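The values are calculated or read from the model by the stated rules, or taken from the named source; none is laboratory data. These numbers come from a predicted model, not from an experiment. Note that we place each Cβ from the backbone using ideal geometry, even for glycine, and neighbour counts take in every protein chain shown. Please note that ligands, DNA and RNA were not included when accessible areas were found on the heavy atoms of the full protein model with its side chains. Shrake-Rupley method; radii C 1.70, N 1.55, O 1.52, S 1.80 Å.
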Amino acid sequence: MASDVKSETAYKFLLKITKNKKHHRLNKFLKETEIISINSRRNKNLSLKFFIIKTIIGQQVSIGAAASIWKKTENLLNHKKRISLEDLTDCGLSRPKASYVNEVLSNQNLDNVTKTDLKKMNQADISDLFLKIKGIGPWTLGIIQMFYIGQEDIYLTGDFGIKKAGLDFFKSDNYDAIDYSPYRTYLCMYLWRSLDN
């Protein structure tokens, strides 16, 4: 997988911190794995609303199920102007998720904000914009920050996979990873990858 200068810098930084903090197992894992780029996880063709909807669909379901539901939902969104809850549940969404998707679709604030605007916002303003929307909690906000805005220092403490990997590498499922700032997004990506092995 092609890496870029930022991802190589982040990788070297993570290697250094794992050594300094004596996180030996993580250090060994990093040495044995390919460098990960945030760009490899970003879908630059998705609008903000579509990105949020895709992320909501991915909440607490398997990757396979999320991909299948998203494919049907994206097709629906691209071909139909007025979307009902029934249309969305027919795509495989639960009723609560269908209502969250409808809320995202009808949110006019999201129509007016660009990726450039988001990059300039501070954490409080980003949280204020997104956490008011039903269906967006801290996990979804974190995913938006990581893979839509492209922020490099987000650590998803509430993510099941991160907790599991944290227990394995840091002997804690409540580790805040502050030692790995300003590259905690990259740390998350390596922790997720470790679960595939």
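Structure values in brief
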item: Average accessible surface area per residue within the stretch 1-157, 1.4 Å rolling probe, Å²; result: 57 Å²
item: Carbon and sulfur %, accessible surface of the stretch 27-92 computed with the full protein complex present, 1.4 Å; result: 49 percent
item: Top of Ala65, Ala98, Ala165 by mean-square fluctuation, Gaussian network on the chain, Cα under 10 Å; result: Ala65
item: Under DSSP loop assignment and at most 15 Cβ neighbours within 10 Å, longest trypsin sites (Lys or Arg not before Pro)-free interval of the chain; result: 83-131
item: Mean separation of Cα contacts under 8 Å, 6 or more apart, over the residue count of the chain: relative contact order %; result: 24 percent
item: Between the stretch 107-145 and the stretch 1-74, the alpha-carbon center distance in angstrom; result: 19 Å
item: Most mobile of Gly158, Gly64, Gly92 in a GNM of the chain (Cα contacts under 10 Å); result: Gly64
item: Cross-link pairs beyond the 23 Å C-alpha cut-off, checked among Lys72/Lys120; Lys19/Lys164; Lys49/Lys164; result: Lys72/Lys120; Lys49/Lys164
item: Listed pairs Lys71/Lys163; Lys44/Lys163; Lys54/Lys134; Lys81/Lys132 exceeding 19 Å between Cα atoms; result: Lys71/Lys163; Lys44/Lys163; Lys81/Lys132
item: Calculated mean projected area of the Cα convex hull in nm² (choose from [x] 11.4; [y] 10.6; [z] 14.3), label; result: [x]
item: Net length gained if the chain between Arg82 and Asn122 were fully extended (0.36 nm per residue, minus Cα distance); result: 11.0 nm
item: Computed [θ] at 222 nm, helices only, for the chain once each DSSP H run of length n ≥ 4 contributes -39500 (n - 2.57); result: -18000 deg cm²/dmol
item: Anisotropy class of the stretch 1-66 from Cα gyration tensor, a/c 1.5 cut; result: prolate
item: Cross-link partners of Lys12 among lysines (Cα-Cα below 19 Å; sequence separation of 8 or more within a chain); result: Lys21, Lys22, Lys28, Lys31
item: Using distinct alpha-carbon pairs, which all enter the 1/r mean, Kirkwood radius of the stretch 101-197 in Å; result: 14.5 Å
item: Check: the chain dipole with +1 on Lys, Arg Cβ and -1 on Asp, Glu Cβ, in debye; result: 300 debye
